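Working notes, structure below.
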Amino acid sequence: MDLLQKGAAEIIRASDLRERLEESRKTGRPLRIKAGFDPTAPDLHLGHTVLMRKLRHFQQLGHTVIFLVGDFTSLIGDPTGRNVTRKPLTREQIDENAETYKQQVFKILDEKATEVRYNSEWLGKLGYEGTIRLTAHFTVSQMLERDEFHQRFQAEQPISLHELLYPVMQGYDSVASSATWSWAGRTRSSICCAGGSCSGTTGRSRRSCS
């Protein structure tokens, strides 16, 4: 536990993580640790490596890492820390960047203990009805509590409707990928923990996050 807590800004309910680790030790079933990376740039940057080194710590303890390529959420773009809507990328740009990510990630992570997944696997199949049913479990008020949306709303700056779907989609990633724990950068903790809301409303075991 000390290794995992070292360098982490916050572990939301550390007691939950400790409980999951103990259960994993007793059953011999490794945890499935998910972290998402949107291929919005050609290369992984220094901030990504900090997160990946923490994922590597989980692997050293015998757990499985889900390196989630957000090829579908990249069509929106992460609104975290933004005061304007991101310009959308083309599918060709996203696919090219995603391929570069795959080539770079195993400079830190153990390939044998890593699942590379794409969220288009499930989000692309969700359909309009599925999206409606999923978004019914969230409120506009919840979204406007997020700093970037709240600040833009107060400043009367535009917020595109598709941006509000971003946290919902990333929360669903945790459910669809069968992750037992999600790890994210500090500014994305609220996105990360949306998975708890999704899993709670889809009848699956609740996920937690750091």
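The values are calculated or read from the model by the stated rules, or taken from the named source; none is laboratory data. Just so it is clear, the structure is predicted and the values come from calculations on it, not from any experiment. Cβ coordinates were reconstructed from backbone atoms using ideal geometry, including for glycine residues, and neighbour counts include every protein chain displayed.
Worth a mention:
- From Glu156, Glu111, Glu92, Glu121, residue being among the acidic types (Asp, Glu), free of Cβ contacts under 8 Å to residues at least 60 places away in the same chain and closer than 16 Å to Ser177 by Cβ: Glu121
- Scanning region 146-182 for residues that are touching a Gly at 6+ places or on another chain (Cβ under 7 Å) and β-branched (Val, Ile, Thr) yields one hit, Val175.
- Positions within region 40-59 being in contact with a Ser or Thr (Cβ under 6 Å, 6 or more places away or on another chain) and either of a type in the set (Ser, Thr, Tyr) or at pLDDT 90 or above (or both), in sequence order: Thr40
- Residue check, Lys107 out of contact with any strand residue (DSSP E or B) (no Cβ under 6 Å at 6 or more places or on another chain), part of a loop (DSSP other than H, G, I, E, B) and not hydrophobic (A, V, I, L, M, F, W, C): yes
- Scanning region 141-164 for residues that are part of a helix (DSSP H, G or I), in contact with a helix residue (DSSP H, G or I) (Cβ under 7 Å, 6 or more places away or on another chain) and of a type in the set (A, V, I, L, M) turns up Met143, Leu144, Leu164.
- Among the residues making up region 128-144, those that are without any contact (Cβ under 8 Å) to a residue 24 or more places away in the chain and surrounded by 10 or more Cβ atoms within 10 Å (Cβ to Cβ) are Gly130, Ile132, Arg133, Thr139, Gln142, Leu144.
- All conditions in (1) out of contact with any Phe, Trp or Tyr (no Cβ under 7 Å at 6 or more places or on another chain); (2) under 28 Å from Glu19 (Cα atoms); (3) part of a helix (DSSP H, G or I) hold for Arg133, with the sole exception of (2).
- Any pair with Cβ under 6 angstrom, 6 or more apart, that starts in region 7-23 at a residue that is part of a helix (DSSP H, G or I) and ends at one that is modelled with pLDDT under 80 and loosely packed, with under 14 Cβ neighbours inside 10 Å: Arg18/Met1
- If the condition is being surrounded by 13 or more Cβ atoms within 10 Å (Cβ to Cβ) and either touching a Ser or Thr at 6+ places or on another chain (Cβ under 9 Å) or in a helix (DSSP H, G or I) (or both), then region 116-127 contributes Arg117, Asn119, Ser120, Glu121, Trp122, Leu123, Leu126.
- Some residue of region 186-199 being more than 13 Å from the chain's Cα centre (by Cα) and at pLDDT below 90: yes
- Matching entry among Ser15, Ser24 (being over 20 Å from the mean Cα position of the chain (by Cα), modelled with pLDDT under 80 and either loosely packed, with under 15 Cβ neighbours inside 10 Å or among the hydroxyl-bearing types (Ser, Thr, Tyr) (or both)): Ser15
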